[in-house]
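The values are calculated or read from the model by the stated rules, or taken from the named source; none is laboratory data. From a predicted model like this one, the values you see are computed outputs, not experimental measurements. Here the Cβ is made from the backbone with ideal geometry for all residues, glycine too, and neighbour counts use every protein chain on show.
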Amino acid sequence: MIDGRYLFRIGLCLLGVLTLGACASTPGPVIGPSVSQPRDDLGQAGYSVVRSDVYHLRPSDRISIIVFREPDFSLESVQIGVEGDVSLPMLGPVRAAGLTANDLEQDVTRRLASAGLIDPMVSVNIAEYASHLVTVEGAVTQPGVYPFQPGARLSSAIAQARGPTRTANTAQVAVFRETDDGVAVAKFDYMQMSEGSMLDPVLEPGDRVVMGTDGLSVFWQDFLRALPAFGIFANPSNF
């Protein structure tokens, strides 16, 4: 039978460790320019903190195509198909993915003029960046698939998942990203990103973020849950 006094001493030590951990604070920001260079040794090559000034339409994005004074040729909202096309009145399928909104305006204008419409005036706007989804899982409070705006960073994806759990290994944040050569994995440190000593990269559609788990923290939490089963602190006669 396990000696209650032994478990009591372990419990006191554990409480001391947990108290010290609870008093720990997140690192303060490093004053000055934050790190913007990727670390090749962590697989970060190709990651950037710079948002592109030009947006190219992607499958699943929802756009509006308005032809001035021609409601029959206009679409208030249309989603770009998985093959990258949109279907327009009188014109049929038109390529949209890979083009900017301005490029698509010019292409549709040219096609309508060729079809006989006199001086067509076309406006293309992005209604929803529906292609921009990121999966966040692992030791985060609320795992899930989240939409994001172009230019959003890795830290914002973690924030949408309500941040790391108490059992998270914040030094082990893995980002899985599609490349021309397949899926590649890069590693980031959440605390270093928070203080500005590691780049906080811009997300790409389809990124998958996995927050690692601290095995020691899991052990301590499991141990705390098990304490009542041993009657610790419940029976003073054990001591």
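Yes or no: the range 125-145 includes at least one residue that is acidic (Asp, Glu) and over 14 Å from the mean Cα position of the chain (by Cα).
So in the range 125-145, the residues acidic (Asp, Glu) come out as 128, 137.
Going one step further and asking which of them are over 14 Å from the mean Cα position of the chain (by Cα), we end up with 128.
Yes: the range 125-145 contains one or more residues that are acidic (Asp, Glu) and over 14 Å from the mean Cα position of the chain (by Cα).
How many residues are of a type in the set (Gly, Ala, Ser) and more than 20 Å from residue 174 (Cβ to Cβ) if we restrict to the range 31-72? Walk me through how you get there before you give the answer.
So in the range 31-72, the residues of a type in the set (Gly, Ala, Ser) come out as 32, 34, 36, 43, 45-46, 48, 52, 60, 64.
If we keep only those that are more than 20 Å from residue 174 (Cβ to Cβ) too, we end up with 32, 34, 36, 52, 60, 64.
So the count comes out to 6.
Considering 104, 99, which residue is of a type in the set (A, V, I, L, M), in a helix (DSSP H, G or I), touching a residue at least 40 places away in the same chain (Cβ under 8 Å) and closer than 22 Å to residue 77 by Cα? Write out each step before concluding.
Values: 99 fails: in a helix (DSSP H, G or I).
From the options 104, 99, the qualifying one is 104.
Within the range 43-84, restricting attention to residues that are among the acidic types (Asp, Glu) and more than 17 Å from residue 127 (Cβ to Cβ), which residue is surrounded by the most Cβ atoms within 10 Å (Cβ to Cβ)?
Here the answer is 70.
With 191, 198 as the choices, which residue is in the same structural domain as residue 45 (by TED's automatic domain parsing), in contact (Cβ under 8 Å) with a residue 60 or more places away in the chain and in contact with a helix residue (DSSP H, G or I) (Cβ under 7 Å, 6 or more places away or on another chain)? Break it down stepwise before answering.
Working: 191 fails: in contact with a helix residue (DSSP H, G or I) (Cβ under 7 Å, 6 or more places away or on another chain).
The match here is 198.
I need a count of the residues in the range 52-82 that are touching a Lys or Arg at 6+ places or on another chain (Cβ under 9 Å) and either free of Cβ contacts under 8 Å to residues at least 12 places away in the same chain or closer than 23 Å to residue 207 by Cα (or both). Explain how you work it out, then say what you get.
From the range 52-82, those touching a Lys or Arg at 6+ places or on another chain (Cβ under 9 Å) are 77-80; that's our starting set.
Still in the running and either free of Cβ contacts under 8 Å to residues at least 12 places away in the same chain or closer than 23 Å to residue 207 by Cα (or both): 79-80.
So the answer is 2.
If residue 138 passes every condition in (1) modelled with pLDDT of 95 or more; (2) under 20 Å from residue 61 (Cβ atoms) but one, which one does it miss?
All conditions pass for residue 138, except number (2).
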